[in-house]
Amino acid sequence: MDSLGQVFEAVSNYFALLSEPVRLRILHSICREEKSVSQIVAETGATQTNVSRHLNTLYRAGALSRRKDGNFIYYGVRDSALTEICRTVCTHIAARTETQSEERSEMRRLAEEWEARPESREELR
C-alpha cells in the first residue's frame with residue numbers, strides 16, 4: 001500500500017468511530033463535560049454493556065480521556081475534532097433537510113449543543 005493509501009485507510013478508520021449512533025449519543029453526552037459511565041448510560045438510554053463497549057472503542061482510539069475517582073470512571077472528549085465534525089455535519093444536514101421545520105429546528109439545536117463547550121475542554125486536548 002502506498003503512503004496515500006495508508007492515509008486514506010487511517011482516515012476511514014477515524015470516520016468509522018462516528019459510524020455508530022450510540023457513539024454519537026455518547027459524544028453528545030460528554031461534549032461539554034466529562035461524565036461517569038452511569039450518567040452516560042442514563043443520558044443515552046443504551047444499556048450499560050453497550051455503552052461500556054463503545055466507550056472502550058472510543059478510548060482505545062484516543063478519542064476519549066478516562067479517569068477513575070473512587071468507584072466511578074469518568075470519560076471526557078480528548079479529541080475535540082470529533083465533536084467539531086459532528087457539529088459541522090449536524091449543521092450541514094439541518095441546512096439540507098427539506099422535511100418539517102420542527103426536524104430542522106431539532107437538528108440546529110443539536111448542532112448548537114455540539115458547539116457549546118466550556119473553556120475547560122482545552123485542558124483535555
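The values are calculated or read from the model by the stated rules, or taken from the named source; none is laboratory data. Since this is a predicted model, take the numbers as computed values, not measurements. Quick reminder, even Gly has a Cβ in these numbers, built from the backbone with ideal geometry, and neighbours come from all protein chains shown.
Per-structure values
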quantity: Sole exception among (1) acidic (Asp, Glu); (2) at pLDDT 95 or above; (3) more than 15 Å from residue 21 (Cα to Cα) for residue 43, by number; calculated: (3)
quantity: Filter result for residue 85 (outside any strand (DSSP E or B) and at pLDDT below 95); calculated: yes
quantity: The one condition in (1) surrounded by 13 or more Cβ atoms within 10 Å (Cβ to Cβ); (2) at pLDDT 80 or above that residue 92 fails to fulfil; calculated: (1)
quantity: Subset of the stretch 50-83 that is in contact with a Ser or Thr (Cβ under 9 Å, 6 or more places away or on another chain) and β-branched (Val, Ile, Thr) - its residue that is surrounded by the fewest Cβ atoms within 10 Å (Cβ to Cβ); calculated: 73
quantity: Helices (runs of 4 or more DSSP H) fully within the stretch 1-47 counting 2 or more residues that are in contact with a helix residue (DSSP H, G or I) (Cβ under 7 Å, 6 or more places away or on another chain) and aliphatic (A, V, I, L, M); calculated: 21-30, 37-44
quantity: Search result, residues across the stretch 1-34 that are among the hydrophobic types (A, V, I, L, M, F, W, C) and either under 26 Å from residue 52 (Cβ atoms) or touching a Phe, Trp or Tyr at 6+ places or on another chain (Cβ under 6 Å) (or both); calculated: 10, 15, 16, 17, 18, 22, 24, 26, 27, 30, 31
quantity: Total residues in the stretch 66-82, condition outside any loop (DSSP other than H, G, I, E, B), within 12 Å of the chain's Cα centre (by Cα) and at pLDDT 95 or above; calculated: 3
quantity: Members of the stretch 48-65 found to be part of a strand (DSSP E or B) and of a type in the set (Lys, Arg), listed by number; calculated: none
quantity: Whichever residue in the stretch 95-125 is modelled with pLDDT of 60 or more and part of a loop (DSSP other than H, G, I, E, B) and, among such residues, is surrounded by the most Cβ atoms within 10 Å (Cβ to Cβ); calculated: 117
quantity: Selected residue (only one of 12, 3, 19, 38 is surrounded by fewer than 17 Cβ atoms within 10 Å (Cβ to Cβ) and in contact (Cβ under 8 Å) with a residue 12 or more places away in the chain); calculated: 38
quantity: Flag if residue 95 is touching a His at 6+ places or on another chain (Cβ under 9 Å) and among the aliphatic types (A, V, I, L, M); calculated: no
quantity: Matching residues in the stretch 10-38 - criterion: being within 14 Å of residue 61 (Cβ to Cβ) and not polar (S, T, N, Q); calculated: 10, 11, 14, 15, 16, 17, 18, 20, 23, 26, 27
